[in-house]
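Below: one structure, written as structure tokens.
Each reported figure results from applying straightforward, stated rules to the coordinates on display, with no laboratory input. Bear in mind that the values here come from a model prediction, so they are computed numbers and not experimental data. For neighbour counting, all protein chains shown are included, and Cβ atoms are generated from backbone atoms with ideal geometry for every residue, glycine included.
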Number of protein chains: 2
Amino acid sequence: MAEEGASAPIFDSVALIGLGLIGSSIARGIRAYGAARRIIAFDSSQEVRARVSALGIADDVVEALAAAARADLVILCVPVGVCGEVARALGPHLSPGAVLSDVGSVKAAVIAQVAPHLPPGVQFIPAHPIAGTEYSGPDAGFATLFQNRWCILTPQPQVDAAAAAKLTAFWTRLGANVETMSAAHHDLVLAVTSHLPHLIAYNIVGTAADLEEVTQSEVIKFSASGFRDFTRIAASDPTMWRDIFLNNKEAVLEMLGRFDEDLTALRRMIRCGDGDGLFALFTRTRAIRRSIVAQGQDTAAPDFGRAAAKNDPPAGR
Amino acid sequence: MAEEGASAPIFDSVALIGLGLIGSSIARGIRAYGAARRIIAFDSSQEVRARVSALGIADDVVEALAAAARADLVILCVPVGVCGEVARALGPHLSPGAVLSDVGSVKAAVIAQVAPHLPPGVQFIPAHPIAGTEYSGPDAGFATLFQNRWCILTPQPQVDAAAAAKLTAFWTRLGANVETMSAAHHDLVLAVTSHLPHLIAYNIVGTAADLEEVTQSEVIKFSASGFRDFTRIAASDPTMWRDIFLNNKEAVLEMLGRFDEDLTALRRMIRCGDGDGLFALFTRTRAIRRSIVAQGQDTAAPDFGRAAAKNDPPAGR
Ligand SMILES: NC(=O)c1ccc[n+]([C@@H]2O[C@H](COP(=O)([O-])OP(=O)(O)OC[C@H]3O[C@@H](n4cnc5c(N)ncnc54)[C@H](OP(=O)(O)O)[C@@H]3O)[C@@H](O)[C@H]2O)c1
Ligand SMILES: NC(=O)c1ccc[n+]([C@@H]2O[C@H](COP(=O)([O-])OP(=O)(O)OC[C@H]3O[C@@H](n4cnc5c(N)ncnc54)[C@H](OP(=O)(O)O)[C@@H]3O)[C@@H](O)[C@H]2O)c1
């Protein structure tokens, strides 16, 4: 990536609002790949601001939201549920021509909450980098988080093509592959690839915690046989996920309905002892896995047998 | 583990029936940790037998099941659904005092199918090492698969304490922590920690594959946001999993019933916009994750952000 780090910055200044996992990863990525000349950081938490200063990942850590509005690109990296309130406070300070973006995991609801607060001329281009971990906070971020991951843009119709091209170049510089689609389609795609899996994972971990016949300590002990992979997902940030489900309600409920229908059919196969039906389904699902590995969206290394690594570096909380 | 490798072998000869992932891992583990003097291998597949010979992981690759019956310890490492038929063919050749075990993921059904074929005096001690990967076959195995994993024994009541102690020592030598419980309890514990998670994973991957509004290529592209972890589990061997669901039907359906009730409650929270209820559940599920990491049953390394590793070593099919 050395040749990329040496290219010209894409924006003069970038302001990041919210320096958690995603915001701090963007900050680190901007530095590592020279995507902007200056990084301005604002977070509502005094503790986070102090930590960002100590980490030295921004040029300017500002005490007021308004002070971040002067940047050429402002990115909201806060939970989906507060994007509207941040936009209301930020809106009046934005100058026409500035690019406003976000990283929220839901798009239609964020647009509905943010757009009304923007002065004319502000280029609002919502975005969603499909990358993350189950950790939060400014210490959890890293510059390579977006490498070989997708970043979806859902530009408002009235946006300048030049502004969209600049934001595309920005995410490309951070290592992402950029794709554009409508907000509604984004919310449907993510409902199935991300929101439904998280919902199911939270649910199964909750079910296992409530059993009486099997103790919690047994569930933990014998978790390597499948369950632990769900607990990883179900350890994701509660605030972020509450906001996602509340703000992508329709698409999530729609996908959950499909899942439920299929589960009813699967249950019937088990009850009736339909071995051929089970075998056919289990063979079909394998093909999708192969495509994911082939497209570099996961590694082929065996996982269920992964070594217990008590000495792994701590990664956030 | 050098000092362990240097201890005396626990069995003189061990026969492995079925040299797939688990059988071949046991073979490699016996060698690596000196758990037996001789390894005899039988597999119904000519191709597997040839591969085992080429890999050199057994002392004797035999062409007939009967030739494997002379060992002090015989372990069935075949799919659950064929354990009964293998036992019928093997039973008459076993000598009193020999220890017979298996590694099946289901215990009550295996016992019901195997026990009737055993001559008196054979020490039948069913076992289930809680370790594996989503790969199959003799190339997928490795000696350290059982390290720091649990192995559950469900000994028949009439079994000699000395035989059970020897099998415990054997699995301990391979790196496992041994636990004893009833077959019925095993099947319930595994229904929640392993069978239900796999069922749910197979189901969600099936659901995603059948959508019309979201293309399969979109599902694959954007899978890093949660979905891919399910596809890993849903890539497990179809034969093995068909047999598990057919042979642990009651416990699986019981756990599925609980899961379904909880999902109905969760769906209602989303529909009603009950943010506090969602937040409370998502906070509770985090605690279980922490215990799993603390007990060394998983690593704390962030996963959703794991690097795409196109150059990972191929691991089985
Ligand atoms: N994590 C992922 O996997 C992932 C992936 C893709 C997209 N996203 C999206 O990225 C966004 C941020 O997620 P994250 O994982 O980076 O969360 P995070 O680590 O919890 O960081 C969010 C940060 O925003 C701060 N904040 C909250 N309210 C604020 C406000 N009104 N003004 C300024 N700062 C505020 C928080 O401060 P406090 O600590 O005081 O709350 C925190 O420092 C979310 O919209 C999420 O949907 C997340
Ligand atoms: N994989 C896991 O994660 C895991 C974990 C714990 C326990 N287990 C249990 O371990 C057992 C084996 O699983 P595995 O993953 O090792 O499966 P595998 O890799 O598919 O190996 C099974 C082997 O048994 C052979 N076989 C099939 N029928 C046979 C017969 N009648 N006589 C002799 N050999 C026969 C198969 O040959 P073919 O190739 O010709 O079919 C194959 O080589 C199963 O009972 C499973 O429930 C698996």
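Across region B:186-294, what fraction of all alpha-carbon pairs, as a whole percent, falls in each successive 5 Å bin from zero upward?
2, 10, 15, 17, 21, 20, 12, 3, 0
Mind jotting down the three principal axis lengths of region A:59-164 based on Cα atoms? Whole angstrom, largest first.
Largest first, region A:59-164 extends 36, 32, 25 Å along its Cα principal axes.
In a GNM of chain B with a 10 Å cut-off on Cα contacts, which of B:Ile270, B:Ile152, B:Ile17 has the highest mean-square fluctuation?
Taking springs between Cα atoms under 10 Å, the residue moving most is B:Ile270.
Taking Cα centroids, how far is region B:235-272 from region B:78-127 in Å?
Computed from Cα coordinates, the inter-centre distance equals 29 Å.
Could you identify which residue out of A:Gly273, A:Gly29, A:Gly91 has the top mean-square fluctuation in a GNM of chain A using Cα springs shorter than 10 Å?
Top of the fluctuation ranking is A:Gly273.
What residue among B:Thr231, B:Thr133, B:Thr193 shows peak mean-square fluctuation when chain B is described by a Gaussian network model with Cα springs under 10 Å?
B:Thr193
Using a label position 7 Å from Cα in the Cα→Cβ direction, what is the ascending list of nm distances from A:Gly84 to the same site in the other copies?
Once sorted, the set of distances for A:Gly84 reads 6.0 nm.
Quick one: of the DSSP bridges fully inside chain B, what percent are antiparallel, nearest 5?
About 10 percent, rounded to the nearest 5.
Put a point 7 Å out from Cα along the line to Cβ at A:Ala64; what are the distances to that point in the other copies, in nm, shortest first?
Ordered by distance, the counterparts are at 9.3 nm.
Among A:His93, B:His198, which comes first, then next, by fewest other beta-carbon atoms within 10 Å?
A:His93, B:His198
Taking the Cα atoms only, what angle lies between the long axis of helix B:161-173 and the longest principal axis of chain B, rounded to 10 degrees?
It is inclined by approximately 60 degrees.
List, in the order given, every pair from A:Lys107/A:Lys166; A:Lys221/B:Lys107; A:Lys221/A:Lys249 whose Cα-Cα distance in the structure shown is over 25 Å.
A:Lys221/A:Lys249
Quick one, what does Rg over Rh come out to for region B:2-181 if you take C-alpha atoms and the Kirkwood Rh?
0.92
May I ask for the net charge around A:Pro126, where only other residues with Cβ less than 14 Å from the Cβ of A:Pro126 are counted and Lys, Arg are +1 while Asp, Glu are -1?
Here the charged neighbours net out to -2.
What do the square roots of 5 times the Cα gyration tensor eigenvalues come to for chain A, in whole Å, largest first, as semi-axes of the equivalent ellipsoid?
Semi-axes (√(5λ), whole Å): 38, 22, 20.
Can you sort B:Ser105, B:Ser25, A:Ser101, B:Ser136 from fewest to most other Cβ atoms within 10 Å of each residue's own Cβ?
B:Ser136, A:Ser101, B:Ser105, B:Ser25
For each of B:Asp276, A:Asp139, count neighbouring Cβ atoms within 10 Å of the residue's Cβ, then give the residues from fewest to most.
Ranking B:Asp276, A:Asp139 by Cβ neighbours within 10 Å, fewest first, gives B:Asp276, A:Asp139.
Label position 7 Å from Cα toward Cβ: report the copy-to-copy distances for A:Pro9 in nm, one decimal, ordered from shortest.
Label-point distances to the other copies, shortest first: 7.0 nm.
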